[in-house]
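Bear in mind that the values in this text are calculations on the coordinates, not laboratory data. These numbers come from a predicted model, not from an experiment. Positions of Cβ are backbone-derived with ideal geometry, glycine not excepted, and every protein chain shown enters the neighbour counts.
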Amino acid sequence: MPTLLTLFIYILGGTALGGLMLLSGIPAAPLVGAILGAGLLSISGYFDVASWPVGTKTALGIGVGTVIGTGINQDTIGELQILWKPALLITITLVISGLLVALLTIRLLGVDPLVALLGAAPGGTIGMSLVGAEFGVGAAVAALHAVRLITVLLIIPSMVKILIPFLGVDISQ
């Protein structure tokens with residue numbers, strides 16, 4: 001099957017399931033749906049492995065970074081003046097716990113050290129996958145981060161709804 005047709009099918013699959021997931025009410029549903037839609041098509045074995053044109057992943061990474069970057073504004077800077085200590089604590093804790101999880105994964109499960117370190121690193125699926133691709137382990141790192149991301153997006157919102165009342169916080173807005 002021609003490469004562009006294969007990519008189009010993957011894009012359709014990701015778009016279709018991403019669109020359907022909008023109905024679920026899950027935070028970041030389109031992202032989860034797109035990952036699952038394209039992933040399921042790929043796993044099916046009916047389609048060739050996606051071969052993206054050179055620079056496509058970089059362009060998409062720039063696009064996602066731009067979308068995230070446009071969310072940073074004067075209010076964000078104001079919040080960081082208040083939240084810099086928790087941000088620092090959370091970042092340090094995540095990096096240390098990621099390193100510990102990677103070391104346990106290497107020792108107990110025999111996973112390639114590079115895959116374990118990049119797969120357990122805090123960060124987004126796209127960013128860490130791009131870093132992994134530069135080291136030749138992008139697919140494995142992407143798989144680990146996709147599982148983490150989907151799990152977190154499915155579990156954390158429910159946990160927030162359960163825990164918030166116990167913390168005495170009103171989230172009805």
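In units of the rule-of-thumb radius 2.2 N^0.38 Å, the chain shows an alpha carbon radius of gyration of 1.19. Maximal additional length on extending the S158-L60 stretch stands at 32.3 nm, based on 0.36 nm per residue less the C-alpha distance. Computed from Cα atoms, the angle from the helix 125-134 axis to the main principal axis of the chain rounds to 50 degrees.
Compute the Rg to Rh ratio over the stretch 119-173 from the alpha carbon atoms, using the Kirkwood formula for Rh, and round to two decimal places. My calculation puts Rg/Rh at 1.22. Placing R0 at 22 angstrom, the Cβ-Cβ distance between L114 and L94 gives a FRET efficiency of 0.70 after rounding to 0.05. When only Cα pairs below 8 angstrom with a gap of at least 6 residues are kept, the chain shows a relative contact order of 16 percent.
Residues whose amide H comes within less than 5 Å of that of I26, counting only those at least five positions distant or on another chain, are absent (H built at 1.01 Å from N in the peptide plane).
Using the Cβ atoms and a cut-off under 10 Å, what net charge is assigned to the surroundings of G119, where Lys and Arg are +1 and Asp and Glu are -1?
That sum, taken over residues with Cβ under 10 Å, equals 0.
To the nearest ten degrees, helix 74-109 and the longest principal axis of the Cα atoms of the chain are 60 degrees apart. Counting only alpha carbon atoms, the long axis of helix 138-167 and the longest principal axis of the chain meet at about 30°. Could you run the Debye sum over the Cα atoms of the stretch 1-51, one equal point scatterer each and no solvent, and tell me log10 of I(q)/I(0) at q = 0.19, 0.25, 0.26, 0.29 Å⁻¹, two decimals? Per q value, in the given order, log10 I(q)/I(0) is -0.56, -0.82, -0.86, -0.98.
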